[in-house]
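K.L.:
Here you go, one structure.
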Amino acid sequence: MGIPNETDVLIVGSGPAGALLGTMLARRGVHVLLVDKQPDFERDFRGESLAAPSVRALRALGFGDALEAHGYLSSTGVAMWLEGRQVFHVDYRRFAIGTLPIEFPQPPLIRMFHEAATGLPQHVFAAGTRFTSLIEEDGAVRGAVLRGPDGTVTKVRARLVVGADGRFSKVRKAAGLDPSVLQAERDLLSFRLPRPDGWELRSELVVDRARHLAVLPTYPDAIRVSHNLPKRGLGALRAEGFEAFRERVAAIDPRLAPLIRTHLHSWEDTSFLEVFNASVGQWSRDGLILVGDASHTATPTLGQGVNLALQDVVGLTPLITAALTDGARDGVVRADVFAAFIAARRAHKEFVTRFQRRQEASLALHTPWQTFLRRARMRTLDALPVKYRVFDRLLNQPHPVDPVDLRSSPHHPAL
Ligand SMILES: Cc1cc2nc3c(=O)[nH]c(=O)nc-3n(C[C@H](O)[C@H](O)[C@H](O)COP(=O)(O)OP(=O)(O)OC[C@H]3O[C@@H](n4cnc5c(N)ncnc54)[C@H](O)[C@@H]3O)c2cc1C
């Protein structure tokens, strides 16, 4: 199907946020044009942890069978090791939510969202199509200019443009919604190894003074290891040579030494992630809203990015649907429709971000005195039941709207 010149909602970016929003709106009868610059659903490696509230929400929305059919790993907890000893552990099975986070790769997640829109004529997906600029009139956003895979430029008018184009959002920039970016002190280099038999299915943070590894079970049979390096430190790390890198990692977690020797061969086996938090003062304008990473970029700590993005979608779906129904047929969706939603989401996201920044600062400690205090603090926290309250609030925040209420619609009662 070609790109229409007019639609109700133009969504830029078919990551988890854009892909689910497109399907949710189309199922409620909204005309959606969803575009992504990528030609397919493959993506550079992204973390694959889906937090428990998202797993619950996806099941409530009817994606349970698709999750089961694909397969996933359930994660039972998180543990922290400091200088060779486990000092902290949270068992996810103790949370009242009663659902475990799962490890599920992003490409099948995005494909699953698209498949749920199959056959809906009001859902148009244009792969390999880039957003280039906004169309604005009288201070309101009225649509966008897109460039297709063959270079064809199309102007699309829409009552709402959704910027779901991720952490380096071009829509955000074009709308003049400048983010404040807080760089973490370190970046990450990650790689994948086969998972040994009997490996515990939990997230582990293995720390040796200022060096650390995040070790996550990865579907179906791997572990993903991320190692911190100083900001702009990749060149220096590479200058030391690959063998020095392998030794450095093995020294932090000796369990990995034989796996690294056998399976990690060159820098080609690694991928780099710049770590930062970004937040935007204003997420919406008349005719435009940002969702997911475009509105708030979380670091990978505790795998919250997709969860936050899906929470946005669940909260926004009824608001957008109502605004399109209530407003004049050709009118733009006004920014004030989203004010209460944004205030509530901002409060939760800032809580998550603050925790991530405190964690990052703690991991950067390196003197003997600092690391002694860090060990003492983590041991104390580990012994206090309050750790379950803090982690519950952080990880298990319910979605803004009960997803069960979104499952049926007058137009498409079932998936
Ligand atoms: C290495 C790494 C590890 C992570 N680990 C986890 C984890 O374990 N768990 C977790 O929950 N989160 C994790 N995150 C964060 C998570 O990946 C993001 O929060 C999540 O993908 C955000 O979803 P999104 O849909 O908002 O944006 P994205 O997933 O970034 O999707 C944006 C989409 O927009 C498209 N796009 C960009 N520019 C344009 C344009 N000009 N025109 C058209 N399309 C465009 C892109 O191709 C992309 O498909 C991790 C992130 C990274 C980088």
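K.L.:
Determine whether VAL206 is under 18 Å from GLY18 (Cα atoms), in contact with a helix residue (DSSP H, G or I) (Cβ under 7 Å, 6 or more places away or on another chain) and either among the small types (Gly, Ala, Ser) or assigned to a strand (DSSP E or B) (or both).
P.N.:
Spelling it out, it is not the case that VAL206 is under 18 Å from GLY18 (Cα atoms), in contact with a helix residue (DSSP H, G or I) (Cβ under 7 Å, 6 or more places away or on another chain) and either among the small types (Gly, Ala, Ser) or assigned to a strand (DSSP E or B) (or both).
K.L.:
Where residues in the range 174-216 are charged (D, E, K, R) and surrounded by fewer than 15 Cβ atoms within 10 Å (Cβ to Cβ), which of them is farthest from the ligand (Cβ to nearest atom)?
P.N.:
ASP197
K.L.:
Moving on. Would you mention how many residues in the range 251-266 are in contact with a strand residue (DSSP E or B) (Cβ under 9 Å, 6 or more places away or on another chain) and part of a helix (DSSP H, G or I)?
P.N.:
Summing the residues that are in contact with a strand residue (DSSP E or B) (Cβ under 9 Å, 6 or more places away or on another chain) and part of a helix (DSSP H, G or I) in the range 251-266 gives 8.
K.L.:
Would you point out the residue of the range 160-173, among those that are more than 23 Å from PHE45 (Cβ to Cβ) and charged (D, E, K, R), that is surrounded by the fewest Cβ atoms within 10 Å (Cβ to Cβ)?
P.N.:
Across the range 160-173, the extreme among qualifying residues is LYS173.
K.L.:
Okay, next question. Quick check on this structure: which one of ASN396, ASN307 is touching a Ser or Thr at 6+ places or on another chain (Cβ under 6 Å) and under 30 Å from MET24 (Cα atoms)?
P.N.:
ASN307
K.L.:
Here is a further query. Can you give me the number of residues within the range 302-348 that are of a type outside the set (Ser, Thr, Tyr), away from the ligand (no atom under 15 Å from the Cβ) and assigned to a helix (DSSP H, G or I)?
P.N.:
19
K.L.:
Continuing with this model, one more query. Could you give every pair whose Cβ atoms fall below 9 Å, whose first residue belongs to the range 38-58 and is under 14 Å from ALA19 (Cα atoms) and at pLDDT 90 or above, and whose second residue is of a type in the set (Gly, Ala, Ser) and more than 10 Å from the ligand (Cβ to nearest atom), counting only separations of at least 6 or pairs across chains?
P.N.:
Once the first residue is under 14 Å from ALA19 (Cα atoms) and at pLDDT 90 or above and sits in the range 38-58, its partners that are of a type in the set (Gly, Ala, Ser) and more than 10 Å from the ligand (Cβ to nearest atom) give LEU58/GLY64; LEU58/ALA66.
K.L.:
Further, regarding this structure: Could you grab me the full set of residues in the range 113-147 that are more than 11 Å from the ligand (Cβ to nearest atom), surrounded by 16 or more Cβ atoms within 10 Å (Cβ to Cβ) and part of a loop (DSSP other than H, G, I, E, B)?
P.N.:
If the condition is that a residue be more than 11 Å from the ligand (Cβ to nearest atom), surrounded by 16 or more Cβ atoms within 10 Å (Cβ to Cβ) and part of a loop (DSSP other than H, G, I, E, B), then ALA116, ALA117, LEU120, GLN122 are the ones that fit.
K.L.:
Given the structure, is SER295 at pLDDT below 90 and not β-branched (Val, Ile, Thr)?
P.N.:
Criteria not met by SER295.
K.L.:
Also, I was wondering about something else. Would the range 23-36 turn up any residue that is β-branched (Val, Ile, Thr) and more than 16 Å from the ligand (Cβ to nearest atom)?
P.N.:
Scanning the range 23-36, I find at least one residue that is β-branched (Val, Ile, Thr) and more than 16 Å from the ligand (Cβ to nearest atom), so the answer is yes.
The values are calculated or read from the model by the stated rules, or taken from the named source; none is laboratory data. In this text the structure is predicted, and so the values were computed from the model without any measurement. Ideal geometry is used to build each Cβ from the backbone, glycine not excepted, and the neighbour counts take in all protein chains shown.
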